[in-house]
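Worksheet for the structure shown next.
Rule-based calculations on the coordinates, nothing more; no lab input. Fair warning: this is a prediction, and the values are worked out from it, not measured in the lab. In this analysis, Cβ positions are derived from the backbone assuming ideal geometry, glycine residues included, and neighbour counts consider all displayed protein chains.
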Amino acid sequence: MTGGGTFAEGTHVTVSAVAAAGFAFENWTHGDDVVSEDAEFVFIMPAEDVTLTANFLSDVHEVATLAELRAMPDDGTVYHYTGHAVIVAMDGFRNRKFIQDETAAILIDDQPGTITTEYELYDVITDVKGVINIWNEMVRFQPVENAPEATDNTPVDPEVFNMDEVTNDDQAKLIKFHSVEFVGIEDGDVFANGTNYIITDGENEFVLRTDFWDVDYIGEEIPHETLHIAGVMIQFQADYQIVPRFAADMEVDDEDEVFFNVTFIVEDEDGDPITNAVITLGEHTNDEGVYIFTDLEPGVYEFLVAAEGYHDYVGEVEVVDDHVSYTVVMEIDDTSVPDTEADVTTIFPNPASSQFTISSGSLIQEVKISDISGKTMKHISVDANEVTVNTSNFNNGLYIVSVYTSSGVSVNKLHIQR
């Protein structure tokens, strides 16, 4: 604010107020009286001391997702990002942090070093306040105050793209191209800082830029092999560019890598096919009646087969060096069906995320939750008709919930999905 001082009666004094980031000027007041709604105005000095007060309103707008934040204008408005985003890349140049949530990604451009909290790669951050700045078509989020400590650390896998699928909506995302090669590279050429290189997938070309200074591949020979390349996407004017974070983001494409299929044959004890089973193999669940799993690497996979009217079948299958066919024989579940609604046990929501509720017309005595390998994940005692179970520390996947009531045992399938 300017204009204060000592003045003679009748003097025309120009006073002005400038709002700080995150605030908007409202008015000038003298006591309870509003004397001007202009940030700069001329005040006529009376024959007494006067105190003028400049009043401001908070001008911070909350946004819950990075997609919303990216859509905001570059007009100085302060935005408060309230969601949770993962730092997928960071460096000391302008204190950059590339953050990504489930909807989009954005570059935090922090040349003054406003954010002093220290973070690690894949830290989850929230409550970041700043303004939108667009520079050469790159949307940047410039903080206006420090941000709190990380709430978690969650590694993120890059999203696989074809080169011609990338758009400006993918700015700052951690992306990956499969089976690409460098163009126009001579033997002995090495990576240099701040340099653009051309890569191709055989049909399209894309710019690879070494925009992270002095990382571990700078000075190393540029590969001639076919590669899988990951990195964050930046934009400079009309050009999209991928920036590898470190050498591990450039993997040699192993042409000898082979994937295999596992096909299940599901039948009853008489050898008749069962066509309505749902099969979970590892962490993937197929739709009802789909019995083939493709593109599997060698390894041992646990599985669960479930079909209405049959006992669940739990097992494991090993993939070595060929496709696998596995026959599952289901046993009929002749457990009596409850005669009254009082015996019905329900689980909701299903799929669940951080918790689910069990409700029964009979008294619930205990609950046991197992994964598909049969390992007990949780076992609790209950003495009520309804209980809520916390699953926030469970991984995504299929679980078996056994509910012991005064009327018997109810076995249910529960999906955890976040």
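List of remarks:
- Judged by the ratio a/c of the largest to the smallest principal axis of the C-alpha gyration tensor, the stretch 12-58 counts as prolate, that ratio being 1.5 or greater while a/b is larger than b/c.
- You can think of it this way: the chain between residue 368 and residue 198 has 55.6 nm of extra reach, that is 0.36 nm per residue less the Cα-Cα gap.
- Karplus-derived HN-Hα couplings along the stretch 27-37 (A = 6.51, B = -1.76, C = 1.60, θ = phi - 60°), whole Hz, x at Gly and Pro: 5, 9, 10, 10, x, 9, 9, 7, 9, 6, 10
- Model label sites at residue 269 and residue 297, defined 7 Å from Cα along the beta-carbon direction, differ in position by 4.1 nm.
- Value of Rg/Rh across the stretch 10-95 [Cα atoms, Kirkwood radius]: 1.21
- The chain, helix-only ellipticity at 222 nm - DSSP H runs n ≥ 4, -39,500 (n - 2.57), divided by all residues, nearest 500: 0 deg cm²/dmol
- This ranking places 380, 229, 279, 115 by how few other beta-carbon atoms lie within 10 Å of each, fewest first, which gives 380, 115, 229, 279.
- For the stretch 171-181, 3J(HN,Hα) per residue [Karplus equation, 6.51 cos²θ - 1.76 cosθ + 1.60, θ = phi - 60°, Hz, x = Gly/Pro]: 3, 6, 6, 8, 10, 8, 10, 9, 6, 10, 9
- The count of lysine pairs in the chain whose Cα atoms are under 17 Å apart, excluding pairs fewer than 8 places apart on the same chain, comes to 6.
- Using θ = phi - 60° and Karplus 6.51 cos²θ - 1.76 cosθ + 1.60, couplings along the stretch 198-213 (whole Hz; Gly, Pro as x): 9, 10, 9, 9, x, 10, 10, 10, 8, 8, 9, 10, 8, 9, 9, 5
- Here the extension length gained between residue 308 and residue 218 equals 26.5 nm, from 0.36 nm per residue of separation less the Cα-Cα distance.
- Ranking of 232, 180, 367 by count of other Cβ atoms within 10 Å, fewest first: 367, 180, 232
- Structure-derived Kirkwood radius over Cα pairs in Å: which label, when the choices are (1) 27.2; (2) 24.2; (3) 26.2: (1)
- In this calculation the C-beta distance from residue 251 to residue 355 is compared with R0 = 41 Å, giving a FRET efficiency of 0.60.
- Antiparallel bridge percentage (DSSP; both residues within the stretch 1-82; nearest 5): 80
- Burial ordering of 173, 375, fewest other beta-carbon atoms within 10 Å first: 375, 173
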